[in-house]
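Data block below; observations after.
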Ligand code: SAM
């Protein structure tokens, strides 16, 4: 088993698996241009891994890292046709926490079978509670399907959290409505600062809405108290008196690189130790445990120590 010793004492304990690098929404901060999308689709057909191969890689990584948590993501993981099979296979490996990040457009009918297959929790991306702003953010209609997906996921016993990327000039007016939506249903919600990724690599600053701006908005309605941050957590949390708990994932204002435990696997079999890294490491080339260990050490060396430095890769490709 690899201990992954490195100057900050970080270890990989969480694996994010991007099953597919396409999506049924076209969120302004994530989706790339149409040409690039066509290239992605072509690439997808050519090289995307079958479910059995993904499970083989996950098993090898788990053997080396003793993973505590595995999160399926994408692209949109609900578009991956063998999702149930992969979830069942991952759960059978004995990984404690099997989770998924999804836009929930297709979740209403899939929540129960996925729960049965071994899924424990879902993080659902919801950037607006008004149909008009939802369209501005995602370029698609269908907010009602997502809200139905959220209800069904909770009803079948999945733990549900909401994630909302907040962009200046586009959806900051949704912070309070989203918060009340979550509080009314007893759900945890996390607001995300925009990250300079993909086509926004050079322009994210103009849309940046900071953690302190989010907190100021929340404080217009609630008295809040900060909560203790768990090690390796992406979000810091606050308790809103007489309401509920909310979090902020502040990559820029409050970076969390120094105890990051995340490893990413993309849908072509490449691992990445850090969102800031564009350098894929093809784990399918490892034929011996020692080669895999060397690759994991390379991935660990990709980790930043201070903060996310930006990436030309979209989250849709590397897996959010
Ligand atoms: N399709 C799924 C979904 O919508 O949740 C999973 C993939 S999506 C890339 C995963 C997460 O990445 C979402 O919560 C999304 O909001 C976040 N994300 C993508 N690009 C981002 C960016 N540039 N800055 C901040 N968050 C981003």
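Read-outs throughout are calculated quantities, based only on the coordinates presented, and are distinct from any laboratory measurement. Keep in mind the model is a prediction, meaning the values are calculated, not measured. No Cβ is skipped: glycine too gets one built from the backbone with ideal geometry, and neighbour counts run over all protein chains shown.
Quick notes on this one:
- For the peptides 263-275, 202-214, 15-27, the ranking by packing is 263-275, 15-27, 202-214, with the highest mean count of neighbouring Cβ atoms within 10 Å listed first.
- Modelled this way, with points 7 Å down the Cα-to-C-beta line, the labels at residue 52 and residue 96 are 3.2 nm from one another.
- Residues 109, 222, 62, arranged from fewest to most other Cβ atoms within 10 angstrom of their Cβ, appear as 109, 62, 222.
- The angle separating the long axis of helix 34-47 from the principal Cα axis of greatest extent in the chain is about 40 degrees.
- With 10 Å bins beginning at zero, the pair-distance distribution over Cα atoms of region 91-169 amounts to 19, 47, 25, 8, 1 %.
- Sorted by Cβ neighbour density within 10 Å, fewest at the top, the residues 57, 146: 57, 146
- Seen through its C-alpha gyration tensor, with square-root eigenvalues sorted a ≥ b ≥ c, region 104-213 comes out prolate because a/c lies at 1.5 or above while a/b is bigger than b/c.
- Working note: 222 nm ellipticity from helices only, DSSP H runs with n ≥ 4, each -39,500 (n - 2.57), summed and divided by the residues of the chain, gives -10500 deg cm²/dmol to the nearest 500.
- FRET efficiency, residue 202 to residue 225 (Cβ-Cβ, R0 41 Å, nearest 0.05): 0.60
- Taking 37 °C and 0.692 mPa s as conditions, the chain diffuses translationally at an estimated 165 µm²/s according to Stokes-Einstein applied to its Kirkwood radius (Cα pairs).
- With neighbours defined as other Cβ atoms within 10 Å of a residue's Cβ, the residues 156, 260 order from fewest to most as 156, 260.
- Once you reduce region 97-112 and region 174-243 to the center of their Cα atoms, the two points are 22 Å from each other.
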